[in-house]
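Working notes, beginning with the structure itself.
The values are calculated or read from the model by the stated rules, or taken from the named source; none is laboratory data. All values reported here derive from a predicted model rather than from experimental measurement. All Cβ positions, even for glycine, are placed from backbone atoms using ideal geometry, and neighbour counts span all protein chains on display. Accessible surface areas use protein heavy atoms only, side chains included; no ligands, DNA or RNA. Shrake-Rupley method; radii C 1.70, N 1.55, O 1.52, S 1.80 Å.
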Amino acid sequence: MNSVRRFFRRYIFSTMGILMLFLAVNFVLFAGIMIAGYENSREESFSIRAFSERVTRREGVWTADDTALDMLRENRAWAMILDSKGAVVWERDMPPELPRSYTSAQVASFSRWYLEGYPVRVWAGEDGFLTVAGFQPGTRVKFYYDLPFPYVRFMVMGGIGIFCANLGILLFLTLKNARRVERAMSPILQGIQDLGRGKPRRLEEKGELAEISAGLNRAGDYMMKKDNTRAEWIRGVSHDIRTPLSMVLGYAGELEEDGDLPPAARQQAGIIRRQGEKMRALVENLNLTTRLDYGLLSVGREEMDCVEIGRQAVSELLNEGLPDRYEILFFEECPGKAVWMTGDPALLRRMLDNLIRNSVVHNPEGCRILVSVGSETGTCAFLVRDGGIGISDDRMAALNGERDISSTREGAGETEHGLGLKIVRQIAAIHGGTVRFERALPRGLSVRIAFPAR
């Protein structure tokens, strides 16, 4: 799964998580309000049952204690007691406009509803008397519903169905909107990733995000124009410098071998030749790394023996002439056994040549260089190790972190451009390999390149 699809999947999951959190919070708030309301109603200061217990009848006379009277006064309420015939046998602060006798129908009505606009509470005692407490209009609300059970069940199930339908519609619209945004943003995000890798691509300039696509296209065109200009300039310089550099090397070589010249002049001619060869190698490396960067080099794909590639790289270097202070050894980890892989033989030889020359250049006092080829489970490994001066921990970390540095050795007295190691990384990456730099024991540098074997 690419990073763009992974981003939108996280976006969808986060949206659904926010929706679930929203529903959960609302459910908790609703339940909290209901519980708080219930507890508040339980803790209400006026209880009709408690009031009824504090109004007593002794020898036919009804009396209310001080607590009952305080309950009426605090709630601005009035009270009355009806006997079994509906007559008022006791009252307290009862409005004068209310009747003092009620029929059974009137009692049934106000016990469920209002008594001429007054909300009332009713409590039937065990002795057959009915205690009624009334409150000021507008202080309480009374409701009474009598609904058939099928209707209530239909309403409950319908409410649940409507809630689920709304939830489903919300999820559908959320996913649809996320999908629409993904279709619009995926090419743009992919274009940004390609632009960051130096491989811009053309985006369609349409839709709501056409301006962003147009901006990316302009940035890609500018990058391509800039890169093409640089590549053309490097190719032009490489071509123009090749002929005069060949003449300089040729004449310097002739002067170095001319026995009629003084030793000092021949030595100076040798210096010119060696510096010219460095310049030629630099131009070749610059040209090669540019072609690898911009995909201008066709990479061959053929079956080859890694052991033979290592042997050829060492032989070419020895044939060019290696000073006596350097000793180079070639080693096969599995003698007589071929190690096959698919790749470009010329590029792999160039990779090994750059690593060997790196050890030569940065160890001017001489060293032993070991080149070995072997195979592990599913891999073909090249190892180039020297016994030279080695490198510091900071430079080691920079190399393994694939950061460009100016030199891989310290104390060589010269500043190197680092193109050789960059080309090594590029060739390894083209073939799907990895490069690892390590400290050799007891001293020196060890470079291991592993490729997928056939």
Alpha-carbon centroid distance for the pair segment 104-133 / segment 363-390, whole angstrom | 105 Å
Given 0.36 nm per residue, what is the gain on full extension from residue 85 to residue 170 after removing their alpha carbon distance, in nm?
-> 24.5 nm
Looking at 265, 22, 285, which one has the Cα that reaches farthest to the positive end of the dipole of the chain (charges on Cβ: Lys, Arg +1; Asp, Glu -1)?
-> 22
With the dipole of the chain defined by +1 on each Lys or Arg Cβ and -1 on each Asp or Glu Cβ, the option from 90, 196, 163 whose Cα lies farthest towards the positive pole is 90
Assuming R0 = 45 Å, can you tell me the calculated FRET efficiency for the pair residue 430 and residue 10, based on Cβ-Cβ distance, to the nearest 0.05?
-> 0.85
Quantify, in whole percent, the carbon and sulfur part of the accessible surface of the chain (1.4 Å probe; protein heavy atoms only).
-> 56 percent
Violating pairs (Cα-Cα greater than 25 angstrom) within the set 226/278; 337/422; 226/422; 278/422 | 226/278; 337/422
Lysines whose Cα lies under 24 Å from that of residue 176, excluding same-chain neighbours fewer than 8 positions away | 206
Starting at 0 and stepping by 10 Å, how many percent of the alpha carbon pairs of segment 250-299 end up in each bin?
-> 26, 30, 19, 17, 8
Express the accessible area of segment 97-176 per residue in Å², computed with a 1.4 Å probe while the remaining protein chains stay in the model.
-> 71 Å²
Select one label from (1) 58; (2) 27; (3) 37: the one whose number is percent of Cα pairs over 40 Å apart as derived from the coordinates shown.
-> (1)
Return, ordered by residue number, the residues of segment 137-170 whose backbone nitrogen is under 20 Å from a label point located 7 Å along Cα→Cβ of residue 18.
-> 166-170
For the residue pair residue 218 and residue 233, what label-to-label distance in nm results when each label sits 7 Å from Cα along the Cα-to-beta-carbon direction?
-> 2.4 nm
How large is the helix-only mean residue ellipticity at 222 nm for the chain, computed as the sum of -39500 (n - 2.57) over DSSP H runs with n ≥ 4, divided by its residue count, in deg cm²/dmol to the nearest 500?
-> -18500 deg cm²/dmol
Let me have the relative contact order for the chain, percent, based on Cα pairs under 8 Å that are six or more residues apart.
-> 8 percent
Förster radius 60 Å - calculated FRET efficiency between residue 53 and residue 201 (Cβ-Cβ, nearest 0.05) | 0.10
Heads up, segment 198-355 by the C-alpha gyration tensor (a ≥ b ≥ c square roots of eigenvalues; a/c under 1.5 rounded, else a/b over b/c prolate, else oblate) looks oblate
To the nearest 10 Å², what's residue 212's accessible area with a 1.4 Å probe?
-> 80 Å²
What is the calculated FRET efficiency for residue 319 to residue 192, with r their C-beta to C-beta distance and R₀ = 45 Å, to the nearest 0.05?
-> 0.35
